[in-house]
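Here is the structure we will look at, set down as structure tokens.
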Amino acid sequence: MIGIDLVFIPEFQRQLDASGGAVLETAFHVSELGDKRIEHLAGIWAAKEAVIKARGIEGTRFGDVLISHDDYGMPRATVADQSYAISISHHGEYAVAVAQKILS
Ligand SMILES: CC(C)(COP(=O)(O)OP(=O)(O)OC[C@H]1O[C@@H](n2cnc3c(N)ncnc32)[C@H](O)[C@@H]1OP(=O)(O)O)[C@@H](O)C(=O)NCCC(=O)NCCS
């Protein structure tokens, strides 16, 4: 399965502000917060949503999905013992991500 998500960055920013930090604490891992640019965070959010869609929507929470980047900046996702290939892009007010499970 593959998944895709598109984030409207101003709305994402509004949700972060309204949560008073709760969204960052519950949905993001500390290691995902090293780069605080809003477009970067929106890309990670889109990647998590894309992984959740690729997994079939039910049973996976945002905090269950860990997004990491290799030394070249290429992202990937892990959920428990499963890995997902990720691609993220952002421009202007939008961030988008796609995810596909890596078959072992
Ligand atoms: C890195 C690159 C692919 C980003 O593309 P872009 O059109 O400028 O920007 P996009 O918004 O489409 O994509 C940005 C996202 O791509 C992802 N990305 C970064 N490096 C990547 C890579 N090597 N491979 C795959 N994805 C990468 C990240 O998720 C990044 O989001 P972030 O900036 O929030 O971390 C592009 O700048 C490029 O090809 N550069 C040439 C190679 C380069 O400079 N590499 C740098 C490391 S040596």
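Can you classify the stretch 1-101 as rounded, prolate or oblate using the Cα gyration tensor, where a ≥ b ≥ c are the square roots of its eigenvalues, rounded means a/c under 1.5, and otherwise it's prolate if a/b beats b/c and oblate if not?
Since a/c stays below 1.5, the shape of the stretch 1-101 is classed as rounded.
Roughly how many debye, to the nearest 20, is the charge dipole of the chain about its Cα centre, given +1 on each Lys and Arg Cβ, -1 on each Asp and Glu Cβ, and no other charges?
Dipole about the Cα centre, nearest 20: 180 debye.
Roughly how tilted is helix 38-55, in degrees to the nearest 10 and between 0 and 90, from the longest Cα axis of the chain?
Computed tilt is about 40 degrees.
Over the chain, what is the relative contact order in percent, taking alpha-carbon pairs closer than 8 angstrom and at least six residues apart?
37
Which of A80, A95, I38 sits closest to the plus end of the dipole of the stretch 2-101, meaning its Cα is farthest towards the positive end, when Lys and Arg get +1 and Asp and Glu get -1 on the C-beta?
After comparing all options, I get A80.
We did not get these values from a lab; they are worked out from the coordinates using the rules stated. Keep in mind that what you see is a predicted model, and the values were worked out from it rather than measured. Heads up, the Cβs are rebuilt from the backbone with ideal geometry, glycines too, and the neighbour counts pull from every protein chain shown.
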